[in-house]
1. Picking from B:TYR110, B:TYR40, which residue would you name as being aromatic (Phe, Trp, Tyr) and away from ligand 1 (no atom under 16 Å from the Cβ)?
2. Working only within segment B:24-54, note down all residues that are surrounded by 16 or more Cβ atoms within 10 Å (Cβ to Cβ) and part of a strand (DSSP E or B).
3. Mind listing just one residue for me: the one in segment A:303-317 that is out of contact with any Lys or Arg (no Cβ under 6 Å at 6 or more places or on another chain) and within 20 Å of A:GLU211 (Cβ to Cβ) and, of those, farthest from ligand 1 (Cβ to nearest atom)?
4. Quick one: which strands (runs of 3 or more DSSP E) lie wholly within segment A:44-145 and hold at least 2 residues that are among the β-branched types (Val, Ile, Thr), more than 14 Å from chain B (Cβ to nearest Cβ) and in contact with a helix residue (DSSP H, G or I) (Cβ under 7 Å, 6 or more places away or on another chain)?
5. Among the listed residues B:SER253, B:SER227, B:SER211, identify the single one that is at the interface with chain A (Cβ under 10 Å from one of its Cβ atoms), under 25 Å from the mean Cα position of the chain (by Cα) and among the hydroxyl-bearing types (Ser, Thr, Tyr).
6. Could you figure out which of (1) within 30 Å of B:THR195 (Cβ to Cβ); (2) within 18 Å of the chain's Cα centre (by Cα) isn't true of B:HIS99?
7. From A:ILE86, A:ILE7, grab the single residue that is under 19 Å from the mean Cα position of the chain (by Cα) and at pLDDT 95 or above.
8. Checking B:ALA202 against (1) out of contact with any His (no Cβ under 8 Å at 6 or more places or on another chain); (2) within 14 Å of chain A (Cβ to nearest Cβ); (3) among the small types (Gly, Ala, Ser), which test does it fail?
Amino acid sequence: MDRGVWIIAEQWNGKLKRVSFELLARAQRLADKLGDHLSAVLLGYHIKRAAQELIYHGADVVYLVEHPRLFQFDPDPYANCLERLIREERPEIIVAAATTTGRTLMPILAARLHTGLTADCTDLDIEEGTGLLLQTRPAIGGNVMVTIKTPNHRPQMATVRPRSYKPSPRDSSRSGEVIVKDYPDELFASRFKLLGLERPREETVNIEDTEVVVAVGKGIGKPENLKWIRELAELLDGAIGASRAVVDLGWLPYPHQVGLSGKTVSPRLYLACGISGAIQHLAGMRGSELVIAINKDPRAQIFKVADLGVIGDLTEILPRLIQRLQRLKSKGEKG
Amino acid sequence: MRILVAVKYVPDTDEIQIDETTGTMVREGIPGIINPLDLYAVEEGLRLKERWGGEIVVLSMGPPKAEEALREALSMGADRAVLLTDRRFAGSDTWATAHTLSKAVRKLGYFDLILCGERATDGETGQVGPELGAMLDLPVITYVSQIEDLHPPHGGKRGWICCRRLTEEGYQRIGAPLPALLTVVKEINEPRLPTFQGKSRARRAEIQRLSLEDLALSAQETGLRGSPTRVVEIFYPSLVRDTVVVAEPPEKSVERIVDFLQKHELI
Ligand SMILES: Cc1cc2nc3c(=O)[nH]c(=O)nc-3n(C[C@H](O)[C@H](O)[C@H](O)COP(=O)(O)OP(=O)(O)OC[C@H]3O[C@@H](n4cnc5c(N)ncnc54)[C@H](O)[C@@H]3O)c2cc1C
Ligand SMILES: Nc1ncnc2c1ncn2[C@@H]1O[C@H](COP(=O)(O)O)[C@@H](O)[C@H]1O
């Protein structure tokens with residue numbers, strides 16, 4: 001058997017995160033091209049059901065490590081177990097999610113294993129002839145794309161953003177093998193103490209993992225007007241993004257910030273309200289599939305990256321838009 | 001407390017121009033600055049020093065001009081600056097950068113804490129910090145939005161740090177023994193502006209330069225040769241959007257938006 005293509009599955013409270021299925025879908029293409037197996041690694045506690053779910057979603061093999069210390073992400077036991085597993089099984093390729101977990105764990109592994117790691121790839125492919133992983137990612141605020149290879153070091157490792165790929169479909173007739181790994185206690189030792197989790201103030205704050213981002217800039221005028229943004233986000237089932245100007249004014253907390261010094265998002269729809277479109281803001285959102293921009297200044301840079309640009313005043317447009325969407329919704333609910 | 005802050009010299013994004021006709025970036029003659037996200041790491045170091053005393057060393061690897069980034073950190077109040085500069089460091093990927101930095105850290109002695117920015121605004125990988133931490137075998141805490149508590153080492157007892165880190169699920173509170181490496185996010189503080197005094201001190205300050213030989217590195221373990229990854233292609237993304245911009249009365253604008261949302265099955 002070949003050494004294969006791996007994904008690092010992510011779970012939260014025992015439930016697989018959607019990004020795990022996105023990784024499977026992506027890696028499936030790579031495994032197919034290589035004529036190789038697709039494996040998933042799952043770390044956690046009491047997660048056998050989730051292991052089976054990974055098989056239904058395309059994994060041929062699931063490496064399962066269960067331990068109370070793995071219940072939540074802790075860099076030490078996670079990195080220890082993965083390092084051991086990788087050294088034992090020697091995969092060719094590992095794809096993980098560019099989440100706070102993946103972006104912590106993967107560099108630690110790359111350092112320990114002495115191999116390359118490419119962050120935030122938007123495209124992964126296999127090179128004809130060599131079978132090498134081609135890792136394409138944006139750089140310098142999305143202004144250039146670079147393709148990167150790891151010719152001589154193994155495994156070849158990459159992270160990809162959540163929501164940048166469709167999840168693989170579930171097929172409960174699929175079968176595969178769950179390989180349970182029992183590791184000695186010392187691998188689960190940790191220097192860290194996990195002291196708990198505080199939920200964010202706004203429920204909709206996870207802007208990197210949502211279909212729709214309703215983003216607000218200084219053009220909203222005053223914090224009271226944010227109520228429109230909240231209503232819109234709710235009607236569109238999205239999260240709220242913000243320009244740095246809005247965050248610096250203290251109108252929304254930092255986790256909402258999109259851009260060079262905030263988050264990078266690539267939702268299906270980015271609705272930019274009163275955002276000028278400074279290059280540092282564009283850096284965080286130009287990968288969005290669809291962009292609508294509302295701005296009263298016809299020369300606003302944001303229009304350059306929009307599919308639909310609406311020149312107009314937010315204070316006139318947003319209340320009407322909300323009303324209209326509410327009406328559509330209640331009609332839809334009535335049948 | 002001895003604190004090391006790793007800072008990178010990056011092109012100033014404010015100065016990046018996009019060629020309107022080709023859609024490509026004009027890179028010629030773009031001035032460099034300290035990576036804006038590293039200012040938060042410098043500031044946090046300074047605050048810890050103000051509270052606990054000690055020394056802040058800033059470390060950068062880059063071309064001779066990267067001195068400017070170090071001088072910026074010095075003007076804010078850092079005590080000492082070290083620049084790793086050598087033609088043979090050029091072309092380092094994140095592994096080779098972290099490896100080279102790790103040799104320098106070892107050479108510079110014991111540090112209670114190493115601080116890095118969340119990511120650099122040019123490479124944007126956010127990998128160098130955690131890689132450096134792993135190479136030094138330090139506990140790594142990423143995305144730190146607040147240092148809640150810190151106990152410096154005392155009478156043979158190890159120090160301890162407790163942080164809040166920003167994750168998808170919320171703020172995780174996590175503690176670790178010192179020495180440790182943290183990467184910090186913008187939320188952690190508001191970086192100070194350099195004072196006039198600080199600036200003139202920074203201008204005069206001597207910056208220690210270290211080369212390949214100084215770090216007892218071989219040319220195989222740094223620079224392009226020491227990098228596991230290779231850039232094989234650079235291209236400019238085509239602007240694929242068929243932008244429609246409309247200027248109409250609000251009612252009409254709302255119709256446009258609703259049509260767009262319906263067409264794309266977003267409502
Ligand atoms: C190192 C560095 C990092 C940075 N990082 C980021 C980052 O991560 N994210 C980020 O966003 N920015 C970042 N910035 C800041 C960026 O350069 C801009 O200053 C910022 O994006 C501007 O925010 P804005 O568009 O909300 O505000 P403005 O530029 O003030 O734009 C407001 C817009 O609203 C429009 N408007 C006003 N009133 C109305 C109305 N009634 N109806 C409709 N439209 C209206 C105006 O025409 C204008 O275009 C960074 C800057 C630097 C130097
Ligand atoms: N050449 C460098 N010299 C010093 N520090 C660096 C260098 N490159 C990266 N860093 C540090 O690592 C962080 C992450 O950088 P990056 O992985 O390039 O996004 C930066 O914010 C710096 O703190």
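1. That would be B:TYR110, the only listed residue that is aromatic (Phe, Trp, Tyr) and away from ligand 1 (no atom under 16 Å from the Cβ).
2. B:MET25, B:GLY32, B:ILE33, B:ILE34
3. Per the criteria, the residue is A:LEU308.
4. Fully inside segment A:44-145 and qualifying: A:61-66.
5. Every option except B:SER227 fails the conditions.
6. With respect to (1) within 30 Å of B:THR195 (Cβ to Cβ); (2) within 18 Å of the chain's Cα centre (by Cα), B:HIS99 is out only on (1).
7. A:ILE7
8. For B:ALA202, the exception is condition (2).
The values are calculated or read from the model by the stated rules, or taken from the named source; none is laboratory data. This is a predicted model, so every value here is computed, not measured. FYI the Cβ positions are ideal-geometry reconstructions off the backbone, even for glycines, and counts take in every protein chain you see.
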